[in-house]
Amino acid sequence: MPTEPMTADDLARRLRLHRHLEGGWYSETYRAELVLPAHALPSAYAGPRAAATSILFLLARGDVSRLHRLRSDELWYYHAGDPLVVHVLTPDGAYFRAMLGPDPAADQLFQVAVTAGCWYGAEPAGAWSLVGCAVAPGFDYLDFELALRDDLVAQYPDQREVIERLTRGAV
């Protein structure tokens, strides 16, 4: 007997995902037991960090991962669902986008790396997208910064449309 297609809500429940500050749904699936001491990290880190962390991250139609940046590199891995568009603004003013998805013939990638210090966010290209995100050194909210719309528009005026879509307006 055929099964009904899984919805984003079904998947979020099944995977026990929680709402994420940047948007979408997530669950931390891995935190390295190896902890890097503060003296072994660049001075930008305010203390020790796990060597690496990983999450499952789900975006449904209408959800976005708001533009943010980390002190660490982040790898995004396609897992299931529709393709996901990852938007990246680099510190030198460049913009690029990567399409994560299951079809290399359609220029979709199975993974993309975002370098520390870049502003980035994502949006699903269909009903929902499930990806994995790995961060090294490991994720800590002390290393996380949500973008301010007006600041980014001033820095990247040619990307106003993407910035407005992936940020909140002034509060």
The one condition in (1) surrounded by fewer than 18 Cβ atoms within 10 Å (Cβ to Cβ); (2) touching a Gly at 6+ places or on another chain (Cβ under 9 Å) that VAL162 fails to fulfil: (1)
Options LEU36, LEU11, LEU59, LEU75; residue that is surrounded by 15 or more Cβ atoms within 10 Å (Cβ to Cβ) and touching a helix residue (DSSP H, G or I) at 6+ places or on another chain (Cβ under 9 Å): LEU59
Candidate set: segment 11-39, residues that are of a type in the set (Asp, Glu) and modelled with pLDDT of 95 or more; chosen: the one nearest to ALA134 (Cα to Cα): GLU28
Any pair with Cβ under 6 angstrom, 6 or more apart, that starts in segment 147-171 at a residue that is small (Gly, Ala, Ser) and ends at one that is at pLDDT 95 or above and assigned to a loop (DSSP other than H, G, I, E, B): ALA147/THR167
Among (1) in contact (Cβ under 8 Å) with a residue 24 or more places away in the chain; (2) under 19 Å from PHE144 (Cα atoms); (3) not acidic (Asp, Glu) - the single one THR7 does not satisfy: (2)
Residue count, segment 83-103 (criterion: more than 16 Å from ARG66 (Cβ to Cβ) and either in a loop (DSSP other than H, G, I, E, B) or basic (Lys, Arg) (or both)): 9
Residue under evaluation ASP103, criteria (1) over 27 Å from ALA154 (Cα atoms); (2) touching a residue at least 24 places away in the same chain (Cβ under 8 Å); (3) more than 15 Å from the chain's Cα centre (by Cα), criterion not met: (2)
Within segment 46-56, tally of residues that are surrounded by fewer than 19 Cβ atoms within 10 Å (Cβ to Cβ) and not aliphatic (A, V, I, L, M): 2
Qualifying residues in segment 14-33 (those that are under 21 Å from VAL64 (Cβ atoms) and without any contact (Cβ under 8 Å) to a residue 24 or more places away in the chain) - the one surrounded by the fewest Cβ atoms within 10 Å (Cβ to Cβ): HIS18
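The values are calculated or read from the model by the stated rules, or taken from the named source; none is laboratory data. Values in this document were obtained by computation on a predicted structure and should not be read as measured data. Glycine gets a Cβ as well: all are built from the backbone with ideal geometry, and neighbour counts include every protein chain shown.
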